[in-house]
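Everything below concerns the one structure shown next.
The values are calculated or read from the model by the stated rules, or taken from the named source; none is laboratory data. As the structure is a prediction and not an experimental result, all values here were calculated from the model. Counting neighbours? That spans all protein chains shown, and the Cβs are built from the backbone with ideal geometry, glycine included.
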């Protein structure tokens, strides 16, 4: 795996190192030793799949609060998404900054999202499927979110949202 540290401290875009032959390729999509070599202590306790029928579906921006903050490893296994993360760690030099990466079924890229970040995405193709590997169990009472178009964050989404859940539409702007 090839780790590329992005502008938000502790977050990485990860490329698969493909071993190719006449059959296709083989690659590791997770290796605890390689994560640790990059200073990432990431233990997976839950894996989730999200299926999205429509292009333009927007999910986010979600996070869990202490003591159940989640780190995530995100990939798009079908279709394409515009994946967005926001650093909500008050002591971070990149506090309230956001980063986006297109993840597709063709490029096999992944995004490592550290604890203390909000996460969301918008689908760029119909029938997109997103895989999440998560470091913490889901705790509904500790799930939080912020509005996908909070002007103080300023995320530039590629498409006008077509579908947003009622729950996500009720999220408020982030209070810094």
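Being surrounded by fewer than 17 Cβ atoms within 10 Å (Cβ to Cβ), farther than 25 Å from residue 14 by Cβ and without any contact (Cβ under 8 Å) to a residue 24 or more places away in the chain, is that true of even one residue in the stretch 151-160? So far as the stretch 151-160 goes, yes, one or more of its residues are surrounded by fewer than 17 Cβ atoms within 10 Å (Cβ to Cβ), farther than 25 Å from residue 14 by Cβ and without any contact (Cβ under 8 Å) to a residue 24 or more places away in the chain. Would it be correct to say that residue 13 is modelled with pLDDT of 95 or more and assigned to a loop (DSSP other than H, G, I, E, B)? No: the conditions fail for residue 13. Residues in the stretch 31-52 that are touching a strand residue (DSSP E or B) at 6+ places or on another chain (Cβ under 8 Å) and part of a loop (DSSP other than H, G, I, E, B) were compared, and the one that is farthest from residue 162 (Cα to Cα) is 38. Only a single criterion out of (1) farther than 23 Å from residue 3 by Cβ; (2) surrounded by fewer than 19 Cβ atoms within 10 Å (Cβ to Cβ); (3) touching a residue at least 24 places away in the same chain (Cβ under 8 Å) is not satisfied by residue 132, namely (1).
Cβ separations smaller than 7 Å between residues 6+ apart or across chains give the following pairs from the stretch 48-77 residues that are at positive phi and at pLDDT 95 or above to residues that are part of a strand (DSSP E or B) and surrounded by fewer than 20 Cβ atoms within 10 Å (Cβ to Cβ): 56/163.
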